[in-house]
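First comes the structure, then the notes that go with it.
The values are calculated or read from the model by the stated rules, or taken from the named source; none is laboratory data. Just so you know, these numbers come straight off a predicted model, no measurement behind them. Neighbour counts are summed over all protein chains in view; Cβ atoms, including those assigned to glycine, are modelled from backbone coordinates with ideal geometry.
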Amino acid sequence: MTTGHLCIIIQTYSDATTGKTILILETILALTPADYDHLARAVQVEAATNTMDEYCVAVSILNRVRSPRYPNTVADVVYAPGQYEGFLYRRPSAKTSTITRLLDTNKMISAYNIIGDRTSFKGQRMLPYRVVAEDPMCDPKGNFFHYHWQS
């Protein structure tokens, strides 16, 4: 893997006049091998393995990196105290297979198309609190995604 590998995140806005969502640009977020390592570790403790949920968890983390509400590096987001419950129980090494999957730009774009700019998610034990119309899921065994302002 080379330094500066690119992960594409599509960014959109809603036109105030028409109410339509409009694609305004493609933001390229340059990720280093270390970024992918941290991202993979978080995915391994938070996502349903080998499912679209892995990509959606990764995109939610990258959404945090892009947001002014959170730290601006993958490591600082991933290891922020109290943010990712999976790290309370284990701190795995990043698996090469997970990193390889996260390099799939098409899957990352598909994940973004599902969760949009959502920065947060909750796991299976919180499913009774999911609002189906507002909180998308990427896999039935995975997490549901929401915005920071939703509780």
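Residues that are loosely packed, with under 14 Cβ neighbours inside 10 Å, more than 19 Å from A42 (Cα to Cα) and either touching a residue at least 12 places away in the same chain (Cβ under 8 Å) or touching an Asp or Glu at 6+ places or on another chain (Cβ under 6 Å) (or both) within the range 132-148 comprise just one, E134.
Inspect the range 93-108 for any residue being touching a Lys or Arg at 6+ places or on another chain (Cβ under 8 Å), closer than 23 Å to H148 by Cα and at pLDDT 90 or above and give the result as yes or no.
Looking for residues that are touching a Lys or Arg at 6+ places or on another chain (Cβ under 8 Å), closer than 23 Å to H148 by Cα and at pLDDT 90 or above, one finds none in the range 93-108, hence no.
When I109, I115 are checked against the criterion of being hydrophobic (A, V, I, L, M, F, W, C), farther than 17 Å from N50 by Cβ and in contact with a Cys (Cβ under 6 Å, 6 or more places away or on another chain), a single residue qualifies: I115.
Please indicate, with yes or no, whether at least one residue in the range 121-128 is under 13 Å from the mean Cα position of the chain (by Cα) and not charged (D, E, K, R). Show your work before the answer.
If we filter the range 121-128 for residues that are under 13 Å from the mean Cα position of the chain (by Cα), which is where we start, we get 121-122.
Now restrict to residues that are not charged (D, E, K, R): 121.
Scanning the range 121-128 turns up at least one residue that is under 13 Å from the mean Cα position of the chain (by Cα) and not charged (D, E, K, R).
If you go through the range 55-96 and keep only what is of a type in the set (S, T, N, Q), part of a helix (DSSP H, G or I) and closer than 23 Å to Q124 by Cβ, you end up with S60, N63. In the range 33-61, the residues that are closer than 19 Å to R91 by Cβ and without any contact (Cβ under 8 Å) to a residue 60 or more places away in the chain reach residues that are part of a helix (DSSP H, G or I) and among the basic types (K, R) with C-beta atoms within less than 8 angstrom, at least six apart or across chains, in these pairs: E54/R101.
Filter the range 45-83 down to residues that are at positive phi and not polar (S, T, N, Q), then give me how many there are.
Here is the first cut: in the range 45-83, the ones at positive phi are 50, 82.
Now drop any that are not not polar (S, T, N, Q), which leaves 82.
Final tally of qualifying residues: 1.
Give all pairs with beta carbons closer than 6 Å in which a residue from the range 94-106 that is under 9 Å from D37 (Cα atoms) meets a residue that is assigned to a helix (DSSP H, G or I) and hydroxyl-bearing (S, T, Y); count only pairs at least 6 apart in sequence or on separate chains. Short answer, once both residue conditions are applied: I99/Y36. Each residue in the range 37-65 was checked for being surrounded by fewer than 22 Cβ atoms within 10 Å (Cβ to Cβ) and either over 18 Å from Q83 (Cβ atoms) or of a type in the set (S, T, N, Q) (or both), and 6 pass.
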